[in-house]
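The values are calculated or read from the model by the stated rules, or taken from the named source; none is laboratory data. Predicted, not measured: the structure shown is a model, and the values here were computed from it. All Cβ positions, glycine included, derive from the backbone under ideal geometry; neighbour counts span all protein chains shown. With ligands, DNA and RNA removed, areas are computed over all heavy atoms of the protein, side chains included. Shrake-Rupley method; radii C 1.70, N 1.55, O 1.52, S 1.80 Å.
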Amino acid sequence: MGNEQPKIPQATAKRLPLYYRFLKNLHASGKQRVSSAELSEAVKVDPATIRRDFSYFGALGKKGYGYNVNYLLSFFRRTLEEDEVTEVALFGVGNLGTAFLNYNFSKNNNTKIVMAFDVDERKVGTTVGGVPVYHLDELEERLHENIPVAILTVPAAAAQALTDRLVAQGIKGILNFTPARLNVPNHIRVHHIDLAIELQSLVYFLKNYPTSSEKGENHT
Ligand code: ATP
């Protein structure tokens, strides 16, 4: 995590998402500036606290002008998105799993694969793309609630049993790259990406529904 920004007191940090949400709404409605009184009214925090909080962000309100909404928004975006990295665990360090571990997701978004699991003794104990590979037996011991998302790149036959263990462990979301259809309780979100099917479907569409460029139309 980049640390170029000054440390913000915890009490202030807790109010950040509140301010952020309100400012996003203001921005969406086209407002360019906001006074601490207006903010205070909307988020139910007294104006003196707001002024102190905002001084940590380097935003100094001007008398009769208030705060610049764009400035605040860009500050909040940077701060919140940087602080809110979602940690992910990957299961199955085969060809696909290895590719994901080597791919730097956090470059473009705020997710990070922090650990991987496999059953192959030759892989356990190694590090792939900077991510440690543990034995699947250690799932319950290693996987804690700070890791809400799992990527499955195991063989299809192993997917459901693994999913049941993840559910028991409190996982919230699963990105399933296996061909297996997973059964999970309603509160758990599964996104299924079957690469073989996607490829097949693309080829099918190319054959059966020629694209506009093939019909001699301009693509732009
Ligand atoms: P891929 O399908 O990613 O191309 P692959 O063909 O190299 O991988 P697979 O047999 O699909 O290999 O297995 C993927 C990985 O999952 C392997 O590293 C394998 O050791 C591991 N694996 C197999 N069963 C399990 C399991 N129950 N839990 C975790 N990992 C497993």
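Name the single residue, out of those in the range 131-146 being more than 11 Å from residue 89 (Cβ to Cβ) and open to solvent by 70 Å² or more (accessible area, probe 1.4 Å), that is nearest to the ligand (Cβ to nearest atom).
Filtering the range 131-146 for residues that are more than 11 Å from residue 89 (Cβ to Cβ) and open to solvent by 70 Å² or more (accessible area, probe 1.4 Å), the one nearest to the ligand (Cβ to nearest atom) comes out as 137.
Failed condition for residue 149, given (1) open to solvent by 50 Å² or more (accessible area, probe 1.4 Å); (2) more than 12 Å from the ligand (Cβ to nearest atom); (3) closer than 17 Å to residue 165 by Cβ, with all others met?
In the conditions (1) open to solvent by 50 Å² or more (accessible area, probe 1.4 Å); (2) more than 12 Å from the ligand (Cβ to nearest atom); (3) closer than 17 Å to residue 165 by Cβ, residue 149 misses (1) alone.
Within the range 187-217, restricting attention to residues that are β-branched (Val, Ile, Thr) and at pLDDT 90 or above, which residue is least open to solvent (accessible area, probe 1.4 Å)?
So, considering only residues that are β-branched (Val, Ile, Thr) and at pLDDT 90 or above, the one least open to solvent (accessible area, probe 1.4 Å) is 188.
Any residue at all in the range 132-140 that's of a type in the set (Val, Ile, Thr) and assigned to a loop (DSSP other than H, G, I, E, B)?
Here is the first cut: in the range 132-140, the ones of a type in the set (Val, Ile, Thr) are 133.
Those left that are additionally assigned to a loop (DSSP other than H, G, I, E, B): none.
No: the range 132-140 contains no residue that is of a type in the set (Val, Ile, Thr) and assigned to a loop (DSSP other than H, G, I, E, B).
Please give the number of the condition residue 184 fails out of (1) more than 13 Å from the ligand (Cβ to nearest atom); (2) assigned to a loop (DSSP other than H, G, I, E, B); (3) surrounded by fewer than 12 Cβ atoms within 10 Å (Cβ to Cβ).
Among (1) more than 13 Å from the ligand (Cβ to nearest atom); (2) assigned to a loop (DSSP other than H, G, I, E, B); (3) surrounded by fewer than 12 Cβ atoms within 10 Å (Cβ to Cβ), the lone unmet condition for residue 184 is (3).
Provide a single number: the residues in the range 84-108 that are open to solvent by less than 70 Å² (accessible area, probe 1.4 Å) and away from the ligand (no atom under 16 Å from the Cβ).
Selection size over the range 84-108: 5.
Just to verify a result, which residue in the range 6-37, among those that are in a helix (DSSP H, G or I) and small (Gly, Ala, Ser), is farthest from residue 75 (Cα to Cα)?
37
Collect the residues in the range 33-45 that are surrounded by 11 or more Cβ atoms within 10 Å (Cβ to Cβ) and not β-branched (Val, Ile, Thr), keeping them in residue-number order.
Of everything in the range 33-45, those that are surrounded by 11 or more Cβ atoms within 10 Å (Cβ to Cβ) and not β-branched (Val, Ile, Thr) turn out to be 33, 35, 36, 37, 38, 39, 40, 41, 42.
Mind listing just one residue for me: the one in the range 109-123 that is open to solvent by less than 40 Å² (accessible area, probe 1.4 Å) and within 14 Å of the ligand (Cβ to nearest atom) and, of those, nearest to the chain's Cα centre (by Cα)?
Ranking the candidates gives 115 first.
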